[in-house]
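Single-structure report; data block below.
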Amino acid sequence: MAARDRLRTALDRLEPPPRAVDWSLFAFVVAEAVTGLVSFTVGVPEGWPLFWLHRALGVGIVALLAWKLARVRRRLTDPTLWQRSTALSVLTLVAAVGAIGTGVAWVFGLDVRLSYWTLLSVHVGFGLALVPLVAAHASTRFRPPRRVDFERRRTAVRYFALLAAGGTTYRLQQGINDALDTAGADRRFTGSQPREGDGNGAFPITSWVADDPDPIDRDAYRLAVDGLVRDPVELTAADLAAGHETE
């Protein structure tokens, strides 16, 4: 019991003021959406800090959301306290839990498809929906940030601890994946995983937007079409540039 009390005291000291929690949740969610979208344009090892920041922010959102729910849980569980905005609050919570849950599941290699979408695509969808939902939710109980909630040295220590805990948690997850040899152990630093299948069911180890491949030697380039075809053919770059159909 004493150990539990000490842990609770430590967590209470780490918890920011209520108004700081609310604004931090909004800032963290926006930062998560921005880093997540930008990560699709980064596929080189030098971009690893962006991915680690995205993951650390995610763990920070879990902590902030826990503090938020501990404060407002009675307003959600007691029907006599429900308001018109309660439905929006519940919808925002569902989107947050969906984004966090699908992200964690993807990290551990869970391969579930919803129609044409992988779990990562569903995670992105929840994350994009969460930004306007959090903004709308905040507008129902708008309280401008106060300097006193953010200016103290303890506040800086709290947020540093949140991000450090996020990075540490992600590193522990990597160790668990490796030790248990889970399906998430073969993820690249970008978080992407290879997928085997037919057609759109197959994906390489990584892919990203705004790809910038090295230029080719157009004179030396050849595309060979052979194997189980009636008429094998070898095409030059000029042949391919001639149009959509080549005879």
*Can you list residues whose amide H is under 5 Å from Arg187's amide H, if they're 5+ apart or on another chain and H is modeled 1.01 Å from N?*
none
*Among Trp48, Leu81, Gly125, whose Cα sits farthest toward the positive end of the charge dipole of the stretch 27-139 (+1 at Cβ of Lys/Arg, -1 at Cβ of Asp/Glu, about the Cα centre)?*
Leu81
*Accessible heavy-atom area order of Glu32, Glu46, highest first, probe of 1.4 Å*: Glu46, Glu32
*asked:* I'd like the accessible area for Thr182, computed on protein heavy atoms only with a 1.4 Å probe and all protein chains in place. Round to 10 Å², please.
replied: 40
*Residues with amide H under 5 Å of Tyr221's amide H, sequence separation 5 or more or different chain, H placed in the peptide plane at 1.01 Å from N; which?*
Ala237
*Given the protein chains as shown and a 1.4 Å probe, how many square angstrom of Thr190 are accessible, to the nearest 10?*
30
*Compute the length gained on full extension between Ala241 and Ala66: take 0.36 nm times their separation in residues and subtract their Cα-Cα distance, giving the result in nm to one decimal.*
57.3 nm
_Within the stretch 91-141, chymotrypsin sites (Phe, Trp or Tyr not before Pro) in DSSP loop having at most 11 other beta-carbon neighbours inside 10 Å_ = Tyr116
_Protein accessible area in the stretch 59-165, 1.4 Å probe - carbon and sulfur %_ = 69
_Estimated vicinal HN-Hα couplings, Hz - the stretch 226-237 in sequence order (Karplus 6.51, -1.76, 1.60; Gly, Pro = x)_ = 9, x, 7, 10, 6, 10, x, 8, 10, 10, 8, 4
*Around Gly127: net Lys/Arg minus Asp/Glu count, Cβ-Cβ under 14 Å*: 0
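The values are calculated or read from the model by the stated rules, or taken from the named source; none is laboratory data. In this text the structure is predicted, and so the values were computed from the model without any measurement. Here Cβ is always computed from backbone atoms with ideal geometry, including for glycine, and neighbour counts include all displayed protein chains. Accessible surface is based on the protein model in full, side chains and every heavy atom, while ligands, DNA and RNA are left aside. Shrake-Rupley method; radii C 1.70, N 1.55, O 1.52, S 1.80 Å.
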